[in-house]
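Enquirer: Sharing a structure with you now.
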Amino acid sequence: MAAPTYHDTKDLIACTECDALYHVVDPNPGELGVCARCHHVMIRPRRFAGMRIIMMAVTMLILMVGAIYFPFLRVEVQGLAHSASIMDAVFAFADVRLSVLSVLTAAFILLIPALRMGLLLYVLVPIVFDRPALAGARRAFRWSEVLKPWSMAEIFAIGCAVALVKVGDLARVEMGPAFWMFIGLVIVVVVQETFICSWSIWKSLDSQSA
Amino acid sequence: MQLVDMEIPGQSERVITVREAGLVACRRCSSVWPGEATECARCGARLVSRDRKSLQRVWAWWLAGIMCYLPANLYPMLETRTLLFTSDATIVGGAIELIHHGSVGIAVVILVASVLIPIGKFLSIALLAISVDRPGLLPKHQRHGLFEIVEYVGRWSMIDVFVVAILASLVQLSVVASIKPGPASLTFALSVIFTMFSAQSIDPRLIWDEDRATNGDPE
Ligand SMILES: [Zn+2]
Ligand SMILES: [Zn+2]
């Protein structure tokens, strides 16, 4: 077979892991486009994904405001009590030498997750409501993808579980409303991730500007 | 070329790579462009068919990560003050203390996230980077498994830093008990961040190319 020439590369997709080349057949919602060579999932369209991602992003942002505002955890031992908010946890590294870590913690568990939701809303709201894409929507989506590994709300949630067990031996711990809001936020983020098919979003952005 | 046949991905026909087709792929958005293109017209990312220079970045971040990981294990992660005692616990020391208190499960979580994953990650990245030039070093399947682990598991090492943040903010009971973060918390966090950059710098396509060259890619 002679090497084919490609006039139009629009219908082609590359596996970003192993460089395998595929021709895309329009996938149906719920199907998976898996790389035959390395099993990397390239396409995973879901029904009404755009609308669902938008609703989950809004929910997540509301929960985040609540999680910052309300008391997070409270300990009590021998009549002494102390309660901490999420911001207290962020500023636990107030020591001058460690203050960089406060900035990083704030970024990883609050700023970056919230920024990603904002970027997704900026990209998806016009698409879902059939409006022309906003200026810089492509750059916004690219950044949302770049930031993905740095959004660590779910890791902080596991950290909470570990910390609770550690303190539980010494003192009585009460979970405040912010704690449950944060857990809800993490569940929303994790579920939302299963609806984000970047191939579908790029395709929508392509068809909008065409 | 093969179709992305949604339900049954790939018959046994040999998969062609973007490079073999004379094209270049965007690693950010998976779009495909003519071989001479240098910038992705869709997302604006730089296009490189195979990023050999990436290995230098991998090693630079790797070294920075190791240099932060060593002090992270020597200095205390937590400084605990109670009525009876003051103690500085390193990562491993804290886990051993937990085992003495009977919280074996939590000790295992901490040891896996703070010792096993980071060390495994340093070794894996080094092996992967070396094996780009020496493909015989590791069996094929292990290399791809390693890459996936390195790419997705590394960020979970951050657990211990967050545990310190929560404990230090929560346990502030005047003289009875108070916990302060130790200097290791910063170097440990930096080590996790640097190794994440190191892992992200790896161009996995280099690894797959070598397999094709050596094993004839039976898939
Ligand atoms: Zn692949
Ligand atoms: Zn691109």
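Enquirer: Yes or no: A:Ile68 away from ligand 1 (no atom under 16 Å from the Cβ), over 16 Å from A:Leu111 (Cα atoms), at pLDDT 90 or above and touching a helix residue (DSSP H, G or I) at 6+ places or on another chain (Cβ under 7 Å)? Outline the logic, then answer.
Expert: Numbers: away from ligand 1 (no atom under 16 Å from the Cβ): yes; over 16 Å from A:Leu111 (Cα atoms): no; at pLDDT 90 or above: yes; touching a helix residue (DSSP H, G or I) at 6+ places or on another chain (Cβ under 7 Å): yes.
No: the conditions fail for A:Ile68.
Enquirer: Would you mind finding the one in A:Leu120, A:Leu170, A:Leu134, A:Leu124 that is out of contact with any Ser or Thr (no Cβ under 7 Å at 6 or more places or on another chain), away from ligand 2 (no atom under 16 Å from the Cβ) and assigned to a helix (DSSP H, G or I)? Walk me through it before giving the result.
Expert: Details: A:Leu120 fails: out of contact with any Ser or Thr (no Cβ under 7 Å at 6 or more places or on another chain); A:Leu170 fails: assigned to a helix (DSSP H, G or I); A:Leu134 fails: assigned to a helix (DSSP H, G or I).
When all the criteria are applied, what remains is A:Leu124.
Enquirer: Quick one: how many residues across the stretch A:16-38 are closer than 16 Å to B:Asp209 by Cα and either touching a helix residue (DSSP H, G or I) at 6+ places or on another chain (Cβ under 7 Å) or part of a loop (DSSP other than H, G, I, E, B) (or both)? Please lay out each step first, then the result.
Expert: Residues of the stretch A:16-38 closer than 16 Å to B:Asp209 by Cα: A:16-21, A:35-38.
After this cut, where a residue has to be either touching a helix residue (DSSP H, G or I) at 6+ places or on another chain (Cβ under 7 Å) or part of a loop (DSSP other than H, G, I, E, B) (or both) as well, the list is A:16-19, A:35-38.
Count: 8.
Enquirer: For residues that are over 17 Å from B:Ala168 (Cα atoms) and of a type in the set (S, T, N, Q), tally how many sit in the stretch B:67-97.
Expert: Counting residues in the stretch B:67-97 that are over 17 Å from B:Ala168 (Cα atoms) and of a type in the set (S, T, N, Q) gives 1.
Enquirer: Ok, one more. Determine which member of the set B:Ser174, B:Ser114, B:Ser185 is modelled with pLDDT under 85, polar (S, T, N, Q) and within 25 Å of A:Ala171 (Cβ to Cβ).
Expert: Numbers: B:Ser114 fails: modelled with pLDDT under 85; B:Ser185 fails: modelled with pLDDT under 85.
The unique qualifying residue is B:Ser174.
To keep it simple, each residue is scored yes or no on (1) in contact with a helix residue (DSSP H, G or I) (Cβ under 7 Å, 6 or more places away or on another chain); (2) open to solvent by 10 Å² or more (accessible area, probe 1.4 Å).
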residue: A:Gln78; (1), (2): no, yes
residue: A:Phe91; (1), (2): yes, yes
residue: A:Val103; (1), (2): no, yes
residue: A:Ala107; (1), (2): no, yes
residue: A:Leu111; (1), (2): no, yes
residue: A:Arg116; (1), (2): yes, no
residue: A:Tyr122; (1), (2): yes, yes
residue: A:Asp130; (1), (2): no, yes
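Enquirer: Then there's this: Suppose the filter is modelled with pLDDT of 90 or more and in a helix (DSSP H, G or I); does A:Val188 pass it? Step through it out loud before you land on a result.
Expert: Values: modelled with pLDDT of 90 or more: yes; in a helix (DSSP H, G or I): yes.
Yes.
Enquirer: Still on this model: Would you pick out the residues in the stretch B:162-182 that are more than 8 Å from every other protein chain (Cβ to nearest Cβ), in contact with a strand residue (DSSP E or B) (Cβ under 7 Å, 6 or more places away or on another chain) and of a type in the set (A, V, I, L, M, F, W, C)? So that I can check it myself, show each step before the final result.
Expert: If we filter the stretch B:162-182 for residues that are more than 8 Å from every other protein chain (Cβ to nearest Cβ), which is where we start, we get B:175, B:178-179, B:182.
Filter once more, so that each one left must be in contact with a strand residue (DSSP E or B) (Cβ under 7 Å, 6 or more places away or on another chain): B:178-179, B:182.
Passing the criteria: only B:Ile179.
Enquirer: A further question follows. Among the residues of the stretch B:128-147, is there at least one that is more than 22 Å from the chain's Cα centre (by Cα) and open to solvent by 30 Å² or more (accessible area, probe 1.4 Å)?
Expert: At the first step, the residues of the stretch B:128-147 found to be more than 22 Å from the chain's Cα centre (by Cα) are B:136.
Now narrow it down to the ones that are open to solvent by 30 Å² or more (accessible area, probe 1.4 Å): B:136.
Checked against the condition, which is being more than 22 Å from the chain's Cα centre (by Cα) and open to solvent by 30 Å² or more (accessible area, probe 1.4 Å), the stretch B:128-147 yields at least one hit.
Enquirer: Does A:Ala14 satisfy the criteria of being modelled with pLDDT of 90 or more, away from ligand 2 (no atom under 16 Å from the Cβ) and buried (at least 21 other Cβ atoms within 10 Å of the Cβ)?
Expert: Details: modelled with pLDDT of 90 or more: yes; away from ligand 2 (no atom under 16 Å from the Cβ): no; buried (at least 21 other Cβ atoms within 10 Å of the Cβ): yes.
For A:Ala14, the condition - modelled with pLDDT of 90 or more, away from ligand 2 (no atom under 16 Å from the Cβ) and buried (at least 21 other Cβ atoms within 10 Å of the Cβ) - is not met.
Enquirer: Let me ask you something else. With the structure loaded, tell me whether A:Ser85 is in the same structural domain as A:Val128 (by TED's automatic domain parsing), more than 16 Å from ligand 1 (Cβ to nearest atom), in contact with a Phe, Trp or Tyr (Cβ under 9 Å, 6 or more places away or on another chain) and open to solvent by less than 20 Å² (accessible area, probe 1.4 Å) or whether it fails that test. If you could, list the steps in order and put the result at the bottom.
Expert: On the way: in the same structural domain as A:Val128 (by TED's automatic domain parsing): yes; more than 16 Å from ligand 1 (Cβ to nearest atom): yes; in contact with a Phe, Trp or Tyr (Cβ under 9 Å, 6 or more places away or on another chain): yes; open to solvent by less than 20 Å² (accessible area, probe 1.4 Å): no.
Against the criterion (in the same structural domain as A:Val128 (by TED's automatic domain parsing), more than 16 Å from ligand 1 (Cβ to nearest atom), in contact with a Phe, Trp or Tyr (Cβ under 9 Å, 6 or more places away or on another chain) and open to solvent by less than 20 Å² (accessible area, probe 1.4 Å)), A:Ser85 does not qualify.
Enquirer: Looking at the stretch B:29-44, I want the residues that are within 7 Å of chain A (Cβ to nearest Cβ) and have a partner that is open to solvent by 60 Å² or more (accessible area, probe 1.4 Å) and within 16 Å of ligand 1 (Cβ to nearest atom) with Cβ atoms under 6 Å, at least 6 apart or on another chain. Which pairs are those?
Expert: B:Cys43/B:Arg28
Residue by residue, here is whether (1) facing chain A (nearest Cβ under 8 Å); (2) out of contact with any Pro (no Cβ under 8 Å at 6 or more places or on another chain) holds:
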residue: B:Lys140; (1), (2): no, yes
residue: B:Arg143; (1), (2): no, yes
residue: B:Ile149; (1), (2): no, yes
residue: B:Val153; (1), (2): no, yes
residue: B:Ala184; (1), (2): no, no
residue: B:Thr187; (1), (2): no, no
residue: B:Pro204; (1), (2): yes, yes
residue: B:Trp208; (1), (2): yes, yes
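Enquirer: What's the number of the condition B:Tyr69 fails, among (1) away from ligand 1 (no atom under 16 Å from the Cβ); (2) open to solvent by 20 Å² or more (accessible area, probe 1.4 Å)?
Expert: (2)
Enquirer: May I pose another question? Hey, among A:Val123, A:Val128, A:Val77, which residue is at the interface with another protein chain (Cβ under 9 Å from one of its Cβ atoms) and either of a type in the set (Ser, Thr, Tyr) or farther than 21 Å from A:Gly184 by Cβ (or both)?
Expert: Values: A:Val123 fails: at the interface with another protein chain (Cβ under 9 Å from one of its Cβ atoms); A:Val128 fails: at the interface with another protein chain (Cβ under 9 Å from one of its Cβ atoms).
Residue meeting the stated conditions: A:Val77.
Enquirer: For A:Met64, work out the one condition from (1) open to solvent by less than 20 Å² (accessible area, probe 1.4 Å); (2) not in a helix (DSSP H, G or I) it doesn't fulfil.
Expert: That leaves (2) as the condition not met.
The values are calculated or read from the model by the stated rules, or taken from the named source; none is laboratory data. Not measured: the values here are computed from a predicted model. Cβ atoms come from the backbone with ideal geometry, glycine included; neighbour counts cover every protein chain shown. Please note that ligands, DNA and RNA were not included when accessible areas were found on the heavy atoms of the full protein model with its side chains. Shrake-Rupley method; radii C 1.70, N 1.55, O 1.52, S 1.80 Å.
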